[in-house]
Amino acid sequence: MYTEIIFYSLLFLVAMLYASVGHGGASGYLALMAFFSFVPETMRPTALMLNIFVSLIAFIQYYRGGHFRWQLFWPFAITSIPAAFIGGLITVDAHLYKITLGILLLFPVVRLGGLKFNEEKNITQQNLVASMLIGASIGLLSGMIGIGGGIILSPIILLLHWGNMKQTAAVSAIFILVNSLSGLAGIFIHQLHFSNEMAWMIGVAIAGGLTGSYFGSIKVGGEVLKKILAVVLLIASIKLLFT
């Protein structure tokens with residue numbers, strides 16, 4: 001009973017904080033499921049399913065706030081969607097899966113841990129070919145691991161100054177949504193194995209996503225909570241990489 005309360009409380013926190021920066025939270029869900037010894041076969045599709053709901057909520061909030069830019073989004077999506085489907089068809093070796101996920105968890109650790117980007121610099125022209133190559137690479141990895149790819153895409157956009165923080169969050173949210181749908185479709189070709197607690201997990205994730213996306217798109221998120229989550233994800237990353 002106490003274990004379930006702790007798990008669902010952390011799930012709410014993960015969904016809330018990821019949604020506040022336009023992310024679906026799959027890397028956080030995967031870390032939680034690894035901590036609580038979920039069956040590996042259920043982790044990838046379960047994380048993608050939760051991703052779909054939370055990223056949709058986040059996108060709606062950022063879109064309503066006027067932050068979405070179609071021209072920034074489509075060059076990534078046109079290659080990432082088919083690549084995510086292909087990634088979903090691939091079954092990854094368990095050891096390689098743990099190592100890859102452990103490395104990917106370092107992206108949200110840096111993002112949530114307080115990495116600052118200079119938004120005063122002018123937005124530069126987006127490179128079409130580079131965007132398509134980036135989209136394909138992230139999409140393939142997303143489908144293979146069970147993430148939406150926003151944790152990789154958003155720092156790239158910000159570092160290249162192709163969009164500001166709010167625009168990046170909006171684009172990342174819908175990027176995660178389409179990749180999660182595509183990756184899940186690829187996994188469906190084999191066979192889907194969801195967690196038995198899926199209905200409860202979706203409900204808690206939706207509640208967290210609504211809370212986080214509201215504060216992220218309109219108000220300021222809780223910086224202390226973000227740093228706490230960064231520490232939790234760092235511990236999960238170390239656990240996956242070295243145990």
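The values are calculated or read from the model by the stated rules, or taken from the named source; none is laboratory data. Owing to the predicted nature of the structure, the values given are computational and were not obtained by experimental measurement. As a convention, Cβ positions derive from the backbone with ideal geometry for all residues, glycine included, and neighbour counts pool all protein chains shown.
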Please count how many residues of segment 111-136 are assigned to a helix (DSSP H, G or I) and either at pLDDT below 90 or buried (at least 16 other Cβ atoms within 10 Å of the Cβ) (or both).
7
Quick one: how many residues across segment 185-220 are over 17 Å from the mean Cα position of the chain (by Cα), modelled with pLDDT under 75 and more than 17 Å from Thr42 (Cα to Cα)?
3
Of (1) part of a helix (DSSP H, G or I); (2) surrounded by fewer than 18 Cβ atoms within 10 Å (Cβ to Cβ), Arg44 satisfies every one except (2)
Search segment 14-30 for residues being within 9 Å of Gly212 (Cα to Cα) and assigned to a helix (DSSP H, G or I), and hand back the single one that is nearest to the chain's Cα centre (by Cα).
Tyr18
Of the conditions (1) more than 22 Å from Gly203 (Cα to Cα); (2) surrounded by fewer than 22 Cβ atoms within 10 Å (Cβ to Cβ); (3) modelled with pLDDT of 85 or more; (4) of a type in the set (Phe, Trp, Tyr), Phe76 clears all except one; give me its number.
(2)
Does segment 222-232 contain any residue that is at pLDDT below 80 and surrounded by 22 or more Cβ atoms within 10 Å (Cβ to Cβ)?
yes
Could you give every pair whose Cβ atoms fall below 6 Å, whose first residue belongs to segment 10-30 and is in contact (Cβ under 8 Å) with a residue 24 or more places away in the chain, and whose second residue is surrounded by fewer than 24 Cβ atoms within 10 Å (Cβ to Cβ) and not in a helix (DSSP H, G or I), counting only separations of at least 6 or pairs across chains?
Ser20/Gly221
